[in-house]
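Have a look at the structure below, then the notes.
The values are calculated or read from the model by the stated rules, or taken from the named source; none is laboratory data. Given the structure is predicted, the values throughout are model-derived calculations rather than measurements. Reconstructed Cβ throughout: ideal geometry from the backbone, glycine too, with neighbour counts over all protein chains shown.
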Amino acid sequence: MRTSEHAVACQRVALALLLTASPSVSEDPPPVTNPAADAEPGTSVKEKMSIFRAYEGEWEGVQKYAEVEGKPAFESKDTFTGKFVLDDMYFEMAGKSEYPSGVSSYRWMITFDAFQQNYRAWTFGSNGIVTEWTGEYKDAHKEMIWKFKDSRTATSGWLRTTVAPNKFKGIGAAKTENRRLVSDYSLEFRRKKIRI
């Protein structure tokens, strides 16, 4: 078979496959499903997101960074406000950090992904850095464990947080691909007191 005849034969087979695979016009389309409606049988995304109710409100605290690779230890004073947005499907934490070298702003956007069956978050910094996280909630310890891997900077890390009615604390670290520690930190926040 010559090349042009072979091409025509392939086109005919492809067309036949398309015609037999395509539903007829009279068939009803399949029902539209919304995976966000059910994260697990009987559990909605909003129910999964309810763990962040404890993070709502205004917070102030300190992040402590340990000495790493000869860089001195330092602290930042932080404030953030946590609130639900977009019909309670996302939780947003917007704040700022005051470092010895200056001030930066940040924003976390958190949700539960019904397809992947895990929590997902994105952090956006005024320094231009965007980080994507995946998270898992450990109900027994009331603990959230976040992990990230950043191919741009060849780093990966984790952050473990717990929250009580008026206290939020955590520890975290980041390493390079060759396991060199580049960040080791702890954080502790208290809910701001309402002054009347």
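Within the stretch 63-74, count every residue that is in contact (Cβ under 8 Å) with a residue 12 or more places away in the chain and loosely packed, with under 14 Cβ neighbours inside 10 Å.
As a first pass, look at the stretch 63-74 and keep what is in contact (Cβ under 8 Å) with a residue 12 or more places away in the chain: 63-66, 68-69, 74.
Retained after the next criterion (residues that are loosely packed, with under 14 Cβ neighbours inside 10 Å): 69.
The qualifying residues number 1.
Residue 166 passes all but one of (1) at pLDDT below 95; (2) surrounded by 14 or more Cβ atoms within 10 Å (Cβ to Cβ); (3) touching a Lys or Arg at 6+ places or on another chain (Cβ under 8 Å); which number fails? Answer for residue 166: the failing condition is (2).
Test residue 120 against the criterion of being within 24 Å of residue 176 (Cβ to Cβ), part of a strand (DSSP E or B) and among the charged types (D, E, K, R), and give yes or no. So residue 120 passes the test. Could you check, for the stretch 112-122, whether at least one of its residues is charged (D, E, K, R), at pLDDT below 90 and surrounded by 13 or more Cβ atoms within 10 Å (Cβ to Cβ)? No, the stretch 112-122 contains no residue that is charged (D, E, K, R), at pLDDT below 90 and surrounded by 13 or more Cβ atoms within 10 Å (Cβ to Cβ). On the stretch given as the stretch 152-191, residues that are among the charged types (D, E, K, R) and touching a Ser or Thr at 6+ places or on another chain (Cβ under 8 Å) total 3. Residues of the stretch 173-189 that are touching a strand residue (DSSP E or B) at 6+ places or on another chain (Cβ under 6 Å) and either part of a loop (DSSP other than H, G, I, E, B) or surrounded by fewer than 18 Cβ atoms within 10 Å (Cβ to Cβ) (or both): 173, 175, 176, 181, 182, 183, 184, 186, 188. Within the stretch 63-93, the set of residues being among the β-branched types (Val, Ile, Thr) and either at pLDDT 95 or above or not in a strand (DSSP E or B) (or both) comprises 79, 81, 85. In this structure, residue 105 qualifies as loosely packed, with under 14 Cβ neighbours inside 10 Å, at pLDDT 95 or above and either more than 19 Å from residue 58 (Cα to Cα) or of a type in the set (Gly, Ala, Ser) (or both).
Whenever a residue of the stretch 149-162 is at negative phi, its partners that are part of a loop (DSSP other than H, G, I, E, B) and of a type in the set (Lys, Arg), lying with C-beta atoms within less than 9 angstrom and at least six residues away or across chains, give the pairs 162/142.
Give the stretch 134-163 a look and list any residue that's surrounded by 15 or more Cβ atoms within 10 Å (Cβ to Cβ), more than 14 Å from residue 122 (Cα to Cα) and of a type in the set (S, T, N, Q), or say none. Residues satisfying the conditions are 155, 156, 161, 162. Checked against (1) under 17 Å from the mean Cα position of the chain (by Cα); (2) under 27 Å from residue 70 (Cβ atoms), residue 133 meets all criteria but (2).
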